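Here the structure comes first, spelled out in structure tokens, and everything after it is commentary.
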Amino acid sequence: MHLQILQILLGLLEGPATASDLTDAIARFDEGREPSLATFYRQLSQAEESGLIAIEEWESPSGPGRPSQRYRITSAGREAAQSEARRLRRLAEVVIAADRQAEV
């Protein structure tokens, strides 16, 4: 899974979010580095096409006007995020074990 797709999914675990909310979340996950918007929107589209996220329209609280879009994680997206977290945990365990072995 592309790192930015995982970050998008993580940003949606707490609930629906706008694209702006998601780029802010990604910056928090990535030590303050903001994502390239072209890459972000490409990954957002890919996540939606893969069924990991869904788009919903909502009325912006900033006032009436045209509806805005926000994104929510799907059950498939939640499962994919959990699976990727398990995979990353296993990789981290390999690195930690190797570090311990090197110290001996």
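Taken together, the values in this text are just the output of simple stated rules run on the coordinates, not laboratory data. All of these numbers come straight from a predicted model, not from anything done at the bench. Here the Cβ positions follow ideal geometry from the backbone for every residue, glycine too, while neighbour counts run over all protein chains shown.
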With criteria (1) among the polar types (S, T, N, Q); (2) in a helix (DSSP H, G or I); (3) surrounded by 10 or more Cβ atoms within 10 Å (Cβ to Cβ), GLN101 comes up short on (3)
State which residue is surrounded by the most Cβ atoms within 10 Å (Cβ to Cβ) when the search covers only the stretch 6-49 and only residues that are touching a residue at least 24 places away in the same chain (Cβ under 8 Å) and in a loop (DSSP other than H, G, I, E, B). PRO35
